[in-house]
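The values are calculated or read from the model by the stated rules, or taken from the named source; none is laboratory data. All figures in this text were calculated on a predicted structure; none of them were measured in a lab. No Cβ is skipped: glycine too gets one built from the backbone with ideal geometry, and neighbour counts run over all protein chains shown.
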Amino acid sequence: MVYFAVNSPSSCPGSRAPSWKWIVCGMLLLASAINYMDRQTLANASVRISREFGLTQAQYGNVEAVFGFAFAAGSLVFGWLADRMPLRRLYAWVLALWSVAGFVTGFVKSYDELLVCRTLLGFFEAGHWPCAIRTTRLLLDERQRSMGNGLLQSGASLGAIITPLVMQALMTSELGSWRLPFIVVGGVGLLWIIPWFVLLKGNDLRPTVAGPGEAARQTGGSFAQVIFSRRMLVVFFVIACINTTWQILRAWMPKFLQEGRGYSETHALTFNSVWFMATDVGCLAAGALAVWLARRHLSVHAARVLVFAGCAVLCAACVLVPWLGKGWLLLAVLSLAGAGALGVFPLYHAFTQDISSEHQGKITGVAGVAAWLVPAQIQKLFGLLADRTGSFDPGLALAGFLPLLAVVPLWLFWEKSKSSSP
């Protein structure tokens with residue numbers, strides 16, 4: 001069996017500067033931002049699109065659901081490809097294809113065409129995470145990954161922060177002006193490919209053969225052994241919980257604010273940008289805090305679980321939503337919940353990176369199935385519940401509890417690594 005390790009810059013012809021790997025992480029952050037800009041254009045224009053096509057809440061939930069189902073399928077495909085194809089080329093292809101899908105959405109004429117475009121967008125956007133997580137796994141050591149993953153995940157918030165501002169700048173009072181932002185955002189995504197190919201050369205991000213001691217620590221056996229291991233069962237449960245919470249908050253926030261609490265479109269989009277700033281702070285703070293605790297007081301595992309649990313408690317603040325009307329207290333509670341909802345992700349990714357470097361892409365891809373099949377079905381149920389009750393409140397309150405459930409298996413059933421280094 002061939003074992004894999006970091007293709008260290010110092011081992012390449014012409015040694016790279018120590019900052020090179022963090023510059024690459026910066027490119028991953030930008031890719032995450034573009035990923036979310038293409039994704040969030042729909043949520044930010046959801047009220048306008050619903051009016052133009054006459055959508056019920058359940059139909060809008062279906063639009064989010066087909067995205068999730070396609071993302072699950074794409075996770076399998078690109079998870080397998082990420083372990084077999086050069087990441088430099090594969091990453092560029094998936095980013096280009098999802099950008100084109102987002103661009104074309106600006107020209108849809110019906111609900112059915114919208115479903116097709118969101119399906120294609122979900123499928124190709126799925127390639128981002130197997131490629132990105134495998135890249136940070138190759139670049140960074142165990143102590144650095146929570147922070148590297150935090151940078152990667154924070155790009156999602158950065159893109160989501162920018163998107164409402166872009167929407168406000170490009171949309172006019174005309175109902176159909178929601179189309180232009182889709183076209184602009186989709187076109188901008190293609191520009192990322194240029195610096196990516198400038199920064200990375202053909203042999204970069206290719207794993208090399210590791211020594212026997214390091215190989216024993218990095219691999220987790222055959223792929224079948226990995227998938228049916230206790231750690232992977234924990235991963236499936238954890239990602240289903242945390243991604244359901246995140247996707248509900250991400251997709252329904254603008255609708256909730258406008259249709260559920262009576263905010264204007266301008267106020268809803270402005271707060272949506274602020275909300276994603278809060279999620280970005282939560283994401284970066286969670287990664288940094290886990291590193292700090294591991295270096296000073298706790299084991300790597302204990303530090304990650306403790307910070308994860310703290311973020312989960314913040315998410316649970318959503319239980320207060322049904323009792324809060326329009327005002328600053330509601331917005332503060334939503335901001336805290338958002339910070340926790342995204343803060344758990346860099347820690348989750350660090351857990352998956354401890355399982356096997358050889359199968360990292362496939363692990364991310366297979367976990368992506370659980371990450372998206374469950375939320376996709378919940379999106380449909382959330383829309384139905386909103387139609388039947390006339391309120392978004394019960395669904396938001398229930399979604400906030402899920403990350404707390406995820407803490408239990410991480411603490412009780414995650415087998416501790418023999419490596420004690422922070």
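Numbers at a glance
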quantity: Single unsatisfied condition, residue 34 versus (1) at pLDDT 90 or above; (2) surrounded by fewer than 17 Cβ atoms within 10 Å (Cβ to Cβ); (3) among the β-branched types (Val, Ile, Thr); calculated: (2)
quantity: Residue within the stretch 404-417 that is acidic (Asp, Glu), at pLDDT 90 or above and out of contact with any Ser or Thr (no Cβ under 7 Å at 6 or more places or on another chain) present; calculated: no
quantity: From 61, 148, 122, 155, residue being more than 13 Å from residue 372 (Cβ to Cβ), small (Gly, Ala, Ser), surrounded by 24 or more Cβ atoms within 10 Å (Cβ to Cβ) and modelled with pLDDT of 85 or more; calculated: 61
quantity: Residue, surrounded by the fewest Cβ atoms within 10 Å (Cβ to Cβ), within the stretch 367-396, restricted to residues that are more than 29 Å from residue 223 (Cα to Cα) and aromatic (Phe, Trp, Tyr); calculated: 392
quantity: Enumeration of residues in the stretch 97-116 that are assigned to a helix (DSSP H, G or I) and loosely packed, with under 15 Cβ neighbours inside 10 Å; calculated: 112, 113
quantity: Residue in the stretch 279-287 that is farther than 18 Å from residue 157 by Cβ and touching a residue at least 40 places away in the same chain (Cβ under 8 Å) present; calculated: no
quantity: Total residues in the stretch 321-363, condition surrounded by fewer than 19 Cβ atoms within 10 Å (Cβ to Cβ), under 14 Å from residue 399 (Cβ atoms) and hydrophobic (A, V, I, L, M, F, W, C); calculated: 0
quantity: Test: residue 270 is within 18 Å of the chain's Cα centre (by Cα), hydroxyl-bearing (Ser, Thr, Tyr) and either over 17 Å from residue 314 (Cβ atoms) or crowded, with 24+ Cβ neighbours inside 10 Å (or both); calculated: no
quantity: Residues that are touching a residue at least 24 places away in the same chain (Cβ under 8 Å) and not in a helix (DSSP H, G or I), drawn from the stretch 308-345; calculated: 325, 326
quantity: Selection within the stretch 175-195 - hydrophobic (A, V, I, L, M, F, W, C) and either more than 22 Å from residue 40 (Cβ to Cβ) or not in a helix (DSSP H, G or I) (or both); calculated: 194
